[in-house]
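The values are calculated or read from the model by the stated rules, or taken from the named source; none is laboratory data. Bear in mind the structure is a predicted one, so any value in this text is a computation, not a measurement. Methodologically, a virtual Cβ is constructed for each residue, glycine included, from the backbone with ideal geometry; neighbour enumeration extends over all protein chains shown.
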Amino acid sequence: MTEVKNKIITKDITIEELVVVKPEAVKYLMDKGIRCLVCGEPIWGTLESAAKDKGYTDSDVEKFVEELNNL
């Protein structure tokens, strides 16, 4: 399990994997207006696609990746 918890987050990580690897990402993304859970289940898609669906830019996604890795 340690290997999973230390995984480097990229823009291509699935939301499902992200919430397992970094549970605190749920609040982080919710604060950005990106819903990552529906009825207790992770949404489908990648971090990048979820952010782009909310109108965020490539630069924003890069910042999210950096910040999520630093949580």
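Any residue at all in segment 15-37 that's at pLDDT 90 or above and of a type in the set (Phe, Trp, Tyr)? Looking for residues that are at pLDDT 90 or above and of a type in the set (Phe, Trp, Tyr), one finds at least one in segment 15-37, hence yes.
Under 6 Å between Cβ atoms, which residue pairs at least 6 apart in sequence (or on different chains) link something in segment 43-71 that is surrounded by 15 or more Cβ atoms within 10 Å (Cβ to Cβ) with a partner that is modelled with pLDDT of 95 or more and in a loop (DSSP other than H, G, I, E, B)? From residues that are surrounded by 15 or more Cβ atoms within 10 Å (Cβ to Cβ), the pairs are Thr46/Asp12; Leu47/Lys11; Leu47/Ile13; Glu48/Lys11; Val61/Lys11; Val65/Ile9; Val65/Lys11; Leu68/Ile9. Residues of segment 42-69 that are touching a strand residue (DSSP E or B) at 6+ places or on another chain (Cβ under 9 Å) and hydrophobic (A, V, I, L, M, F, W, C): Ile43, Trp44, Leu47.
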